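Here's the structure, in structure tokens; my notes come after.
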Amino acid sequence: MQIDNGQNFSLPASVVLNGSGYGVIRVAPAGESWQVVFMTIQCDTNVNEASFRVYSPILGDPYIKDTSEMGSTGDTSDTVYFLNDGQALFLEWSGGDAGTTARANLTYFKTVPENRGFRAFH
């Protein structure tokens, strides 16, 4: 594996919360691995303050990796996550304002296989 020049990348993601103020975003690398190093979260409105949870590799209480009680007004996390090709983080809001947009932005480094791409034969 090699790291792409040590450059960090940003991944914005969003979901519209349903009538119960619930929504989930699934993020996962494809063809590479990620080291997520920072995350910001917030909702467009905050009449009801949403709870926020991060799960990996699947949704479910045994897989909670991080939580916040400020999922609507906004929060940050520097919890580091290592995700290989196909592994996922699930970002979940609950109890927020129905119909609002929940947003997350992940900062990560990516690692790609050295043999990625075409080989030249001479």
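The values are calculated or read from the model by the stated rules, or taken from the named source; none is laboratory data. Since we're looking at a predicted model, the values are computed, not measured. Ideal geometry is used to build each Cβ from the backbone, glycine not excepted, and the neighbour counts take in all protein chains shown.
Just one of N18, N8, N46 is touching a residue at least 60 places away in the same chain (Cβ under 8 Å) and farther than 23 Å from K110 by Cβ; which is it?
After ruling out the rest, the residue left standing is N18.
G95 passes all but one of (1) more than 25 Å from N8 (Cα to Cα); (2) free of Cβ contacts under 8 Å to residues at least 60 places away in the same chain; which number fails?
(2)
Let me confirm something: among G99, G74, G117, which residue is modelled with pLDDT under 95 and over 10 Å from the mean Cα position of the chain (by Cα)?
Just one listed residue meets the conditions, G117.
Given the conditions (1) free of Cβ contacts under 8 Å to residues at least 40 places away in the same chain; (2) assigned to a strand (DSSP E or B), which single one is not true for S72?
(2)
Here is a check on your reading of the model: is G86 crowded, with 16+ Cβ neighbours inside 10 Å and without any contact (Cβ under 8 Å) to a residue 60 or more places away in the chain?
The answer is no for G86.
Tally the residues that are of a type outside the set (A, V, I, L, M, F, W, C), surrounded by fewer than 14 Cβ atoms within 10 Å (Cβ to Cβ) and at pLDDT below 95, restricting the search to the stretch 17-62.
Qualifying residue count for the region: 1.
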